[in-house]
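Peer 1: Here it is: the structure, laid out below.
Just so you know, all these numbers are worked out from the coordinates, no wet-lab data involved. In this text the structure is predicted, and so the values were computed from the model without any measurement. Methodologically, a virtual Cβ is constructed for each residue, glycine included, from the backbone with ideal geometry; neighbour enumeration extends over all protein chains shown.
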Amino acid sequence: MNSQAIQVMLMLVIAYLLGSIPSGVWIGKAFFHIDIRQHGSGNIGTTNTYRVLGPTAGTIVMAMDISKGALATLLPVFFGNDTINALVFGLAAILGHTFSIFDHFKGGKAVATSAGMILAYQPIFFLIAAGIWILVILLTSMVSLASMVAFTLTTITTFFANDLFLSILAIALTVFIFYRHRANINRILHGNERMVPFGLGNYLRRKKQFN
């Protein structure tokens, strides 16, 4: 095995370990003495952190999870080794986030970490996804729906990028995101999905409850 192959293996391990960092769990325990896995939805991601620990902690966790995906994707730049497409290392971080070695091979839904991978690889698609995500949240007050819509529409835009590997990975991630949100989809269909405390959807639901 040559040195480049060994370096690639090392980069994959680093990417996986970066992704495995359970940001929500560590922030909750270190600063709030709360294990968010035992509160709210039990998820370790941004949304549950926001609900359980508040917007500051939620924003920090989101930034950390985005950074995990971005740093992993940038590993070929740091190591000066472009033997393998950078998206492979972003994917390793996503797998780490979803099946964390630090959390008994459990984890989050991989939305923010996937966004970080896109940010490092093609910032324009990150901006598109972020814009769609914010708009859908403001309209529906549902983070889960915003994530699924943003990934779906951004995946469609990748078809015009002349990057087959990116499009294939985007399709796979979108399917995976939908799978990870299957419980949310069921709640959306039954009209009882959790909402953030702002946006048109939250306003209309509260108005309906008081009428």
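Peer 1: When the stretch 73-124 is examined, which residues are found to be of a type in the set (Phe, Trp, Tyr) and farther than 27 Å from Phe160 by Cα?
Peer 2: Phe78, Phe79, Phe99, Phe102, Phe105
Peer 1: Then there is this: Residue by residue through the stretch 144-175, note down the ones that are over 16 Å from the mean Cα position of the chain (by Cα) and loosely packed, with under 15 Cβ neighbours inside 10 Å.
Peer 2: If the condition is that a residue be over 16 Å from the mean Cα position of the chain (by Cα) and loosely packed, with under 15 Cβ neighbours inside 10 Å, then Ile156, Phe159, Phe160, Ala161, Asn162, Leu164, Phe165, Ile168 are the ones that fit.
Peer 1: Take the stretch 67-86 and flag every residue that is surrounded by fewer than 24 Cβ atoms within 10 Å (Cβ to Cβ) and under 15 Å from the mean Cα position of the chain (by Cα).
Peer 2: Ser67, Ala70, Leu71
Peer 1: Could you tell me whether the stretch 46-57 includes any residue that is touching an Asp or Glu at 6+ places or on another chain (Cβ under 8 Å) and under 12 Å from Ala110 (Cα atoms)?
Peer 2: Within the stretch 46-57, one or more residues are touching an Asp or Glu at 6+ places or on another chain (Cβ under 8 Å) and under 12 Å from Ala110 (Cα atoms).
Peer 1: Another one. Can you tell me which condition Leu139 does not meet? The list is (1) touching a Leu at 6+ places or on another chain (Cβ under 8 Å); (2) closer than 23 Å to Leu18 by Cβ, and all the others hold.
Peer 2: Among (1) touching a Leu at 6+ places or on another chain (Cβ under 8 Å); (2) closer than 23 Å to Leu18 by Cβ, Leu139 violates only (2).
Peer 1: Restricting to the stretch 100-143, and then to whatever is touching a residue at least 60 places away in the same chain (Cβ under 8 Å), surrounded by fewer than 24 Cβ atoms within 10 Å (Cβ to Cβ) and hydroxyl-bearing (Ser, Thr, Tyr), can you tell me which residue is farthest from Val13 (Cα to Cα)?
Peer 2: Thr140
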